[in-house]
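Read-outs: derived from the displayed coordinates by stated rules, not from any lab. In this text the structure is predicted, and so the values were computed from the model without any measurement. FYI the Cβ positions are ideal-geometry reconstructions off the backbone, even for glycines, and counts take in every protein chain you see.
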Amino acid sequence: RYSYVVKATLLERAFGIRNFFHPKSQVQTIQMKRSTQKQQVVEALRAYLIKAKYPTRMANTIANAVDELIMNAIFAAPTDPTGRRIYEQTPRDTDIELADKASIDVSIAFDGVQVGICATDQYGSIDKEKVLRHLSTVYKDEQYKMKVSVAGAGLGLATTFRT
């Protein structure tokens, strides 16, 4: 089982959920057309996991992680040609068309035991070192203060990773 994870992490570009699972594993992909579909996608995933006999608590945790990944793909990834975040100050309930470069694919892989989730955007704007810094930080009381005026893929992504 872990040989697929090791193989995928050794690849120069370890993208795509299929790289982390046996080739015969079931993979389903949903292409989102509008940002307002997020809740439907998250609920469909939760229902799928419960049907696959995942405990409800675990299904809820995974669904929350997927919600965070989708939100990052919709609101944190899009940048203009100068690198400025397009939707940084946009309310998170705004209806945004997800066409062309803004398209988002959400995939779920299941091999009968493990589940894998992948939310893919087309921007490639995430800073690898910034992500690794967030993932390695232990957020506790005084180490991190939420900045209400700034939205971004930081604390939520670290929480998702730990989950």
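Here are the numbers for this structure:
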{"item": "Residue-span extension gain [Asn60 to Thr29] - 0.36 nm each, minus C-alpha spacing", "result": "9.2 nm"}
{"item": "Sites Tyr123 and Lys51 - FRET efficiency at Förster radius 35 Å, r taken between beta-carbons, to 0.05", "result": "0.60"}
